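The values are calculated or read from the model by the stated rules, or taken from the named source; none is laboratory data. It should be emphasised that the depicted structure is a prediction, and the values quoted were computed from it without experimental measurement. Here Cβ is always computed from backbone atoms with ideal geometry, including for glycine, and neighbour counts include all displayed protein chains.
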Amino acid sequence: MAAPAAQSPVELAIVGPLVSQPYVMMTLEVMKSFGVEVETADGLQQFRMTAPQRYRAREFAIEPDASAASYFWAAAAICGGEVTVEGLTANSLQGDVAFVDCLEQMGCEVQRDTVGITVIGRELRGVDVDMNAISDTVQTLAVVAMFADGPTQIRRVGHIRHKETDRISAVATELRKFGVSVTEHDDGLIIEPVNSMALKGALIETYHDHRMAMSFALAGLRIPGVQIANPDCVEKTYPKFFKDLGRLIG
């Protein structure tokens, strides 16, 4: 985003595979909306920006945060309820809106229109999903998977080991506290649910990771006795998360 303000052209080359590509596409689209063009080559492995260029002021509507929305769509899936998030559509710039596609594969009913996206919880089944492009929602789907009929495999997310914490290891460790069987792989997880009546409450460590806190809080919608350690870590991205979750469940 800063490169167009340089005194001469800037070229960026990606070494190795580019993960979470929708975030890059979103950034390029927003830059274009403000008058800056970026040339790409080799898929999304090379970027060239003619410089200097000037951004142009304009009015710009900001979409709701699709990553934050995922927790409330997941709540509908876990509880068999219905949640609508307004302002996000199937044409959203944000890749994480595709989280609802995963829930749809698991059996939820998903309604998409020009106003927003609604998830209606139905009987859940396990799935095999590649979440490379929407890896910020891995923890959320892993919690949903505890309540599905059959195993869920999450693949191609090895890079999330280098986020706020090793999210693959952390998710596996905390899911096992509920009595769930989890197989950890270098690039993902296989979650083998048990009868939901056999799931037991637990104190969940967050590892100072906001997404661990928000995702695992959803387990408490169905499992008595779930406690979240260091819940204030949600301040990083969603300070009012627990207040909004409380409003959702009344």
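Just checking, which of D136, D101 is under 18 Å from Y71 (Cα atoms) and free of Cβ contacts under 8 Å to residues at least 12 places away in the same chain?
D101
Scan segment 185-199 and report the pairs whose first residue is over 25 Å from I160 (Cβ atoms) and whose second residue is part of a loop (DSSP other than H, G, I, E, B) and among the aromatic types (F, W, Y), with Cβ atoms within less than 7 Å and a gap of 6+ or a chain change.
Going by the 7 Å Cβ cut-off, the qualifying pairs are S196/F147.
Report those strands (runs of 3 or more DSSP E) wholly inside segment 1-104 carrying at least 1 residues which are over 30 Å from T118 (Cα atoms) and among the charged types (D, E, K, R).
10-13, 39-41, 46-49
Conditions tested, residue by residue: (1) surrounded by 21 or more Cβ atoms within 10 Å (Cβ to Cβ); (2) touching a Gly at 6+ places or on another chain (Cβ under 6 Å); (3) among the polar types (S, T, N, Q); (4) more than 16 Å from V180 (Cβ to Cβ).
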{"site": "N91", "(1), (2), (3), (4)": "no, no, yes, yes"}
{"site": "D101", "(1), (2), (3), (4)": "no, no, no, yes"}
{"site": "E104", "(1), (2), (3), (4)": "no, no, no, yes"}
{"site": "Q111", "(1), (2), (3), (4)": "no, no, yes, yes"}
{"site": "V115", "(1), (2), (3), (4)": "no, no, no, yes"}
{"site": "D130", "(1), (2), (3), (4)": "no, no, no, yes"}
{"site": "I134", "(1), (2), (3), (4)": "yes, yes, no, yes"}
{"site": "T140", "(1), (2), (3), (4)": "yes, no, yes, no"}
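Can you work out which of the residues in segment 107-118 that are in contact with an Asp or Glu (Cβ under 7 Å, 6 or more places away or on another chain) and not polar (S, T, N, Q) is nearest to Q94 (Cα to Cα)?
Of everything passing the filter in segment 107-118, G116 is nearest to Q94 (Cα to Cα).
Quickly run through segment 108-130 and pick out the residues that are touching a residue at least 40 places away in the same chain (Cβ under 8 Å) and in a loop (DSSP other than H, G, I, E, B).
Answer for segment 108-130, where residues must be touching a residue at least 40 places away in the same chain (Cβ under 8 Å) and in a loop (DSSP other than H, G, I, E, B): G121, R122, L124, G126.
Does segment 18-40 contain at least one residue that is on the phi > 0 side of the Ramachandran plot, of a type outside the set (A, V, I, L, M, F, W, C) and exposed (fewer than 13 other Cβ atoms within 10 Å of the Cβ)?
Scanning segment 18-40, I find no residue that is on the phi > 0 side of the Ramachandran plot, of a type outside the set (A, V, I, L, M, F, W, C) and exposed (fewer than 13 other Cβ atoms within 10 Å of the Cβ), so the answer is no.
So if I check each of R211, R161, R176, R222, which one is of a type in the set (K, R), under 22 Å from A66 (Cβ atoms) and outside the structural domain of V19 (by TED's automatic domain parsing)?
Answer to the check: R211.
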